[in-house]
Amino acid sequence: MPIYRLRVGASPHPTSHTKEATIMPYIERDLKERILKTSSEYACILVTGPRQVGKTTLLRHLDGSRAFVTLDDLEERRLARTEPATFLALHQPPVLIDEVQYAPELFSYLKIAIDDGAAPGSFWLTGSQAFHLMELSRESLAGRVALFSLSALSQHEIYGSGDASPFSVELASLREREHSMTPATIDAIYERIFRGGMPGLASGKFSDRDMFYASYVATYIDRDVSDMLERVDKLLFHDFIRAAACRVGQMLNVHSIASDVGISDKVAKNWLKILEASNIIFYLRPYTNNLLKRTVKQAKLYFFDTGLVAYLTAYLTPEILAKGALSGAILENYVVAEIIKSFLSVGKTGNFWYYRDRDGGEIDMLIEQDGHLTPIEIKRTANPKSDLVKTFTVLDKGTLPRGNGAIICTRDKMTAIDAENFVVPVWMI
């Protein structure tokens, strides 16, 4: 199968009329090398992530020769749940078991197989309910399974080249990103935001964005949500996701979302947990320590895929989105999600926060890495003012040292405010 990296301005659809050119392009995932290396050391790996982000496609691309079974198949699911030993005897390693969350009974038997000396790479698992699966794996497979989180495609995977790396505001790292990423105008950035990062759309397999996301939401509610919530009102849950999408980049107000949909605060809290467990949404928690006083306590809400946000909030074109009331918030969401994906895509974890105090001080994002804090401000402007970095100094009162800072904006080229604070274009993340 041919391998492509899509570029801005390039059509994802093959133009040649040869038989080979009709194959849909496969977009390389940055996580691949990490998975292969880890699989050579661990008998079991588990890749979690939302539906349709390419978990199964990635693993089958890495090893197309291994046995494959999906628990979306109801007969296979029944066997895995009622006769897990027989199921594993029929599907012997090396095997890829898809949507393993449907048969938690398997985990105890996987533990036995691993403890009995299963070879490295014996079991590859995928699942769409991250929190539930991580809890199961910790209970039954603690120390025996390597966990990976796969999200929608990153900017680097769709538009970049070379090796991926976690986002850093060190000059050498920024220089590398400048040469490996494809520049984009503000209009092109909002096109990226509007289209999102789902592989089915980015590869050109599906051309109708609205139909894709309509099907995506319906399938998610019918399968994942209905599996986690008994007798859920599907239309009401759809309205709930939309109400959450209207609040990206804002401090979480559960009562406000609940009131919009007509449900109790308790139900809204539970439904938000479902969205988070499914890797649909995530939070930035407020940063604080004993030396930083008067900080707020609420988390800020974000979606992993901005294409889904644009669909749920009924924006018809990227041009309308760029001029709409959500334009600044969804740009912030895009930047925060891309930074986090830059870590997840290479199997790294990081601590991500935001800062806000009751005196009006605010920093959109903080990255805690290598023993220091990286402050980041996100602005929908091509000419950010230098006073935007003044708030960064509030971190000097804390216990961790402050590293270089960045203003991420819609400027076309990288520049600097001073030796410690850089102005970074969105396309460089």
>> Please go through the stretch 266-294 and give me each residue that is open to solvent by less than 60 Å² (accessible area, probe 1.4 Å) and over 25 Å from THR48 (Cα atoms), ordered by number.
In response: VAL267, PRO286, TYR287, ASN289, LEU292
> Residue check: is ILE340 within 30 Å of LEU58 (Cα to Cα), aliphatic (A, V, I, L, M) and open to solvent by less than 20 Å² (accessible area, probe 1.4 Å)?
Replying inline: yes
> For MET228, are the conditions met, namely being more than 25 Å from LYS379 (Cβ to Cβ), surrounded by fewer than 19 Cβ atoms within 10 Å (Cβ to Cβ), in contact with a helix residue (DSSP H, G or I) (Cβ under 6 Å, 6 or more places away or on another chain) and not polar (S, T, N, Q)?
Replying inline: yes
> Restricting the search to the stretch 149-173, which residues are out of contact with any helix residue (DSSP H, G or I) (no Cβ under 9 Å at 6 or more places or on another chain) and either in a loop (DSSP other than H, G, I, E, B) or among the charged types (D, E, K, R) (or both)?
Replying inline: VAL169, GLU170
> Are any residues in the stretch 177-225 at positive phi and within 18 Å of the chain's Cα centre (by Cα), and if so, which ones?
Replying inline: GLY196
> Got a sec? Which of PHE167, PHE194 is in contact (Cβ under 8 Å) with a residue 40 or more places away in the chain, closer than 18 Å to ASP30 by Cβ and hydrophobic (A, V, I, L, M, F, W, C)?
Replying inline: PHE167
>> Looking at the structure I just gave you, is PHE343 over 30 Å from TYR159 (Cβ atoms), of a type in the set (A, V, I, L, M, F, W, C) and in a helix (DSSP H, G or I)?
In response: no
> In the stretch 356-367, how many are touching a residue at least 60 places away in the same chain (Cβ under 8 Å) and surrounded by fewer than 17 Cβ atoms within 10 Å (Cβ to Cβ)?
Replying inline: 2
>> Residue pairs, Cβ under 8 Å, 6 or more apart or interchain, first in the stretch 254-271 and touching a residue at least 24 places away in the same chain (Cβ under 8 Å), second open to solvent by 50 Å² or more (accessible area, probe 1.4 Å). List them.
In response: VAL261/ASP239; ALA268/HIS255
>> Can you report the number of residues in the stretch 103-130 which are part of a helix (DSSP H, G or I) and open to solvent by 10 Å² or more (accessible area, probe 1.4 Å)?
In response: 7
> Taking the stretch 89-102 on its own, how many of its residues are assigned to a helix (DSSP H, G or I), out of contact with any Leu (no Cβ under 7 Å at 6 or more places or on another chain) and crowded, with 16+ Cβ neighbours inside 10 Å?
Replying inline: 0
> So how many residues does the stretch 233-263 have that are under 25 Å from ALA103 (Cβ atoms) and surrounded by 17 or more Cβ atoms within 10 Å (Cβ to Cβ)?
Replying inline: 1
> So how many residues does the stretch 357-379 have that are modelled with pLDDT under 90, assigned to a strand (DSSP E or B) and more than 21 Å from the chain's Cα centre (by Cα)?
Replying inline: 1
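The values are calculated or read from the model by the stated rules, or taken from the named source; none is laboratory data. Treat the numbers as computed from the prediction; the structure is a model and nothing was measured. So basically every Cβ, Gly included, is an ideal-geometry build from the backbone, and we count neighbours across all protein chains shown. Calculation scope for accessible area: heavy atoms of the full protein, side chains included, ligands and nucleic acids excluded. Shrake-Rupley method; radii C 1.70, N 1.55, O 1.52, S 1.80 Å.
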